[in-house]
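The values are calculated or read from the model by the stated rules, or taken from the named source; none is laboratory data. Just so it is clear, the model here is predicted, and its values are computed rather than measured. When we count neighbours, we look across all protein chains shown, and the Cβ atoms used for this are built from the backbone with ideal geometry, even at glycine. We work out accessible area using only protein heavy atoms, side chains counted, and drop any ligands, DNA or RNA first. Shrake-Rupley method; radii C 1.70, N 1.55, O 1.52, S 1.80 Å.
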Amino acid sequence: MIMAPRIGVIDSGGPAEDLPGGRAFLPDGTSVAPVPDRLGHGTAVAQVLRRAWPSVQLVHAQVFLDRPVTSSAQVAAAVSWLGDPRRSGGQADIICLSLGLAVDRAPLRRACIAALEQGVLLVAASPARGEPCFPAAYPGVIAATGDARCDWDQVSALPGGVFGAWCGSPERGHTGQGGASMATARVAGLLAVMLASGHIGPASAWLRARASFHGVERRVAQE
């Protein structure tokens, strides 16, 4: 049982009080001290994670600064850092990647495989439609997308091993950040609950067993 799961958040950082112990990763893969979140996205992700498990320990790996643009080298370096059991502060139990890259790059693939081999759970955003993105498409990574059917405590099991979750959908009256990125944070939060409960076994099987919906959401035209 893990009383306070440690989640690495690879995003735009967080508020100043959350940044001690975090790092900002540059395009060449090196890192420096992080700066407060300028985009608000990482802060929104952190709020979802803390709502799921208030005592969760968050470690921010900043890969977005002034724009929501990053590189596979930055993300790979962040995954490697968070997944390193020798890291000061301890290895992450879960890494939340509310992002997706269009191209499969070998350094990112290797970093994700290494983290998975260390027992870290990786959760990454997957598009509801269109081409796969990375790292969500890598074997072993838990892919998440928004599903407007899902309330806060619900999850759906979708084709291709993707899990749908609460996503702050405007259809349910929510505003601000939403979509697959918030759904990814929600799935990561559910996995924090799983770890804190002492569950032993594949995380994907645990999510599938509690799914309220199976299969894609089907919209019905209103007459």
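For the reader, a short list of remarks on this structure follows.
- Amide hydrogen neighbours beyond the local backbone of VAL155, cut-off 5 Å, H modeled: SER212, PHE213
- Each residue of segment 146-158 was assigned a 3J(HN,Hα) from its phi angle through the Karplus curve 6.51 cos²θ - 1.76 cosθ + 1.60 (θ = phi - 60°); the sequence is x, 9, 5, 6, 8, 7, 3, 8, 9, 9, 10, 9, 9 Hz, with glycine and proline shown as x.
- Charged-residue dipole, Cβ positions (Lys, Arg, Asp, Glu), segment 4-85 about Cα centre, Debye nearest 20: 180
- The coefficient of translational diffusion for segment 1-89, derived via Stokes-Einstein from the alpha carbon Kirkwood radius under 4 °C and 1.567 mPa s, stands at 100 µm²/s.
- In segment 74-179, a dipole from Cβ-located charges (positive for Lys and Arg, negative for Asp and Glu) runs towards its positive end, and of CYS150, PRO85, GLY119 it is PRO85 whose Cα lies farthest in that direction.
- Only beta bridges with both residues in segment 75-166 are counted; by DSSP, about 30 percent of them are antiparallel.
- Fraction of alpha-carbon pairs over 20 Å apart in segment 32-134 - percent: 40
- Residues ALA209 and ARG86, FRET efficiency given R0 of 30 Å [Cβ-Cβ distance, rounded to 0.05]: 0.30
- When only the Cβ of Lys, Arg, Asp and Glu is charged (+1, +1, -1, -1), the dipole of the chain relative to its Cα centre reaches about 220 debye.
- In order through segment 73-78: 3J(HN,Hα) via Karplus (6.51 cos²θ - 1.76 cosθ + 1.60), integer Hz, x for Gly, Pro: 5, 5, 5, 4, 5, 5
- Residue (of PHE64, GLY215, GLY22) at the positive-pole extreme of the chain, dipole from beta-carbon charges: GLY215
- Förster radius 35 Å - calculated FRET efficiency between ASP151 and ARG110, Cβ distance, rounded to 0.05: 0.40
- VAL32-MET3 pseudo-label distance in nm [points 7 Å out on the Cα-to-Cβ vector]: 3.8
- On Cα atoms only, tilt of 41-52 relative to the major axis of the chain in degrees: 70
- Simple label model, 7 Å out from Cα along Cβ direction - VAL193 to VAL69, nm: 3.9
- Along its first, second and third principal axes, ordered by size, the chain spans 56, 38, 34 Å in Cα coordinates.
- Between segment 117-154 and segment 196-210, the alpha-carbon center distance in angstrom: 15
- Each Cα pair under 8 Å and six or more residues apart adds its sequence gap; the mean of these over the residue count of the chain is a relative contact order of 20 percent.
- Between 0 and 90°, nearest 10: helix 106-117 axis offset from the chain longest Cα axis: 80
- Taking the empirical scaling 2.2 N^0.38 Å for compact globular proteins as reference, segment 1-43 has a Cα radius of gyration ratio of 1.27.
- Accessible carbon and sulfur surface of the chain relative to its total accessible area, %, 1.4 Å: 54
- Sum of -39500 (n - 2.57) over DSSP H runs of 4+, divided by residues of the chain (222 nm, nearest 500): -8000 deg cm²/dmol
- Heavy-atom surface of segment 21-143, accessible at 1.4 Å and reported per residue (Å²): 46
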